[in-house]
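Peer 1: Below is a structure I'd like to ask you about.
The values are calculated or read from the model by the stated rules, or taken from the named source; none is laboratory data. Remember, it's a predicted structure, so these values are computed and weren't measured experimentally. Using ideal geometry, Cβ is built from the backbone for each residue, glycine included, and neighbour counts are taken over all protein chains shown.
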Amino acid sequence: MSQTDAASRHYDQMPSAWAPKKITAVLVLEDGTVVEGQGIGATGYSVGEVCFNTAMTGYQEILTDPSYAGQIITFTFPHIGNIGTNDEDIETSSPAAASGVRGTILHTSITAPSNYRAGKHFGDWLSQRGIIGICGIDTRALTSRIRKTGFINAAIAHHPTGDFDLEALKQQARDWPGLEGMDLAKEVSSTQRFTSTQTGWQWNQGFGQLTQPKYHVVAVDYGLKRTILRCLANVGCKVTVVPAQTPAEDILALAPDGIFLSNGPGDPEATGVYAVPEIIKLISSGLPIFGICLGHQILALALGATTKKMHQGHHGANHPVMDHTTGKVEITSMNHGFAVDGKSLPAGVTETHVSLFDGSNCGLAVDGKPVFSVQYHPEASPGPQDSHYLFERFTGLIDKSKAE
């Protein structure tokens, strides 16, 4: 055998870089469409609502944000996982708790981490948290479809053999009821009261502690993010966190200076069944109230407004919002599939913020009372910090209330 023949034979035995990758995961849409890819993270299957997130950073914060409970997150940015994961960038109120996210969809496979803060490979982290993922997907096409047709219910499955019961998965996707009418806050809320005084992360120092709090705030946990607690601590607030279904009487018994209504997942009308009556009592107390995201929506319901399901929602770290109270535009972090109908705000409630993408309501304030809320996430994580001023606005209301 000649050297040329031997080289050819050796080349033929080598795996081709262009050879099709083994199918180890599928995404099955409710209309029966099957999208094949490679599995990452945990094995098994899950069902949820597919949404897309346009943020270029912060995948770990996004996947641990309880507001995403019930959803399968498609990342539009192609390189996810390249900075690894760590124990500091977890957003659930308890670092050991699950966020409720149903799965994740990536364009490219996960690369080895390359960041000095990385403590674990993203794929291993997904497995340990029980999150099923699929990569090798045309995320641009999937995102385009969601923008055209709206949110899609789907089943996501990962198995190393690539053996799937597609008919069963199609049925699971068709039968899943969707997020409308679903109360997920009580699934991700803390079950016990706890106190938080941890302040924000500083470069090469980590998190700090608030040693001399100026205010005491009670936060109702509908799916609270840790960074919100740190932002409150940064402006002098010791925060007592209470479960979502805590009665107003128990909250007021803690003698707070102000009340915070947190972000969270699911349909605000469903959560409002037990939350609205308590918020009405809290408004009547005269204490300053600040709401974010789901907290904003439930507060609006308590004031007499209505909410609605959005076509594709707002998910990302690059959403422009106009603050009518200052006349300034801020770039915000958003994550919601429901919104307050701005036209339904009753007399005595002012629309303070609007999305410059679609004009949807992004904030309100009660005339003559220290009560306000925003639809977006001023704490960011991930996202720009343009809106951190809102936490100072809240403590300003507390100062004014205490001085009266």
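Peer 1: Going through Val329, Val273 one at a time, which residue ends up being in a helix (DSSP H, G or I) and surrounded by fewer than 24 Cβ atoms within 10 Å (Cβ to Cβ)? Talk me through it step by step, then tell me what you get.
Peer 2: On the way: Val329 fails: in a helix (DSSP H, G or I).
After applying the criteria, what remains is Val273.
Peer 1: Has the stretch 176-194 got at least one residue that is closer than 19 Å to Gly100 by Cα and without any contact (Cβ under 8 Å) to a residue 24 or more places away in the chain? Write out each step before concluding.
Peer 2: Initially, the stretch 176-194 is screened for residues closer than 19 Å to Gly100 by Cα, giving 176-192.
Filter once more, so that each one left must be without any contact (Cβ under 8 Å) to a residue 24 or more places away in the chain: 177.
Yes: the stretch 176-194 contains one or more residues that are closer than 19 Å to Gly100 by Cα and without any contact (Cβ under 8 Å) to a residue 24 or more places away in the chain.
Peer 1: Would you pick out the residues in the stretch 99-138 that are of a type in the set (Asp, Glu) and either assigned to a strand (DSSP E or B) or more than 13 Å from Phe77 (Cα to Cα) (or both)?
Peer 2: Going residue by residue through the stretch 99-138, those that are of a type in the set (Asp, Glu) are 124, 138.
Passing the criteria: only Asp124.
Peer 1: Quick check on the stretch 316-323. Is at least one of its residues among the β-branched types (Val, Ile, Thr), under 25 Å from Thr197 (Cβ atoms) and crowded, with 21+ Cβ neighbours inside 10 Å? So that I can check it myself, show each step before the final result.
Peer 2: Kept after step one, since they are among the β-branched types (Val, Ile, Thr), are these residues of the stretch 316-323: 321.
Now drop any that are not under 25 Å from Thr197 (Cβ atoms), which leaves none.
No - not one qualifying residue is present in the stretch 316-323.
Peer 1: Sticking with this structure for a sec: Specify which of the listed residues (Lys225, Lys214, Lys186) is modelled with pLDDT under 95 and of a type in the set (Lys, Arg). Let's see the steps before the verdict.
Peer 2: Details: Lys225 fails: modelled with pLDDT under 95; Lys214 fails: modelled with pLDDT under 95.
The conditions single out Lys186.
Peer 1: Hey, another quick one. Return yes when Ile146 is in the same structural domain as Asn53 (by TED's automatic domain parsing), buried (at least 21 other Cβ atoms within 10 Å of the Cβ) and of a type outside the set (D, E, K, R) and no when it is not.
Peer 2: Values: in the same structural domain as Asn53 (by TED's automatic domain parsing): yes; buried (at least 21 other Cβ atoms within 10 Å of the Cβ): no; of a type outside the set (D, E, K, R): yes.
No; evaluated as a whole, the condition is false for this residue.
Peer 1: Also: Specify the residue that is nearest to Pro66 (Cα to Cα); the eligible residues are those in the stretch 113-149 that are among the small types (Gly, Ala, Ser) and in contact (Cβ under 8 Å) with a residue 12 or more places away in the chain.
Peer 2: By that ranking, first place goes to Gly130.
Peer 1: Condition first: in a helix (DSSP H, G or I), more than 24 Å from Gly206 (Cβ to Cβ) and either touching a residue at least 40 places away in the same chain (Cβ under 8 Å) or acidic (Asp, Glu) (or both). Can you find one or more residues in the stretch 226-242 that meet it? Walk me through it before giving the result.
Peer 2: Taking the stretch 226-242 as the starting set, the residues that turn out to be in a helix (DSSP H, G or I) are 226-234.
Narrowing the set further to residues that are more than 24 Å from Gly206 (Cβ to Cβ) leaves none.
No; the residues of the stretch 226-242 include none that is in a helix (DSSP H, G or I), more than 24 Å from Gly206 (Cβ to Cβ) and either touching a residue at least 40 places away in the same chain (Cβ under 8 Å) or acidic (Asp, Glu) (or both).
Peer 1: For Gly208, only one of the following conditions fails: (1) under 18 Å from Leu287 (Cβ atoms); (2) without any contact (Cβ under 8 Å) to a residue 12 or more places away in the chain; (3) not aromatic (Phe, Trp, Tyr). What is its number?
Peer 2: Only one criterion in (1) under 18 Å from Leu287 (Cβ atoms); (2) without any contact (Cβ under 8 Å) to a residue 12 or more places away in the chain; (3) not aromatic (Phe, Trp, Tyr) is unmet by Gly208, namely (1).
Peer 1: Residues to consider are Thr307, Thr326, Thr332, Thr352; find the one that is more than 23 Å from the chain's Cα centre (by Cα) and of a type in the set (S, T, N, Q).
Peer 2: Details: Thr307 fails: more than 23 Å from the chain's Cα centre (by Cα); Thr332 fails: more than 23 Å from the chain's Cα centre (by Cα); Thr352 fails: more than 23 Å from the chain's Cα centre (by Cα).
Testing whether each residue is more than 23 Å from the chain's Cα centre (by Cα) and of a type in the set (S, T, N, Q) leaves just Thr326.
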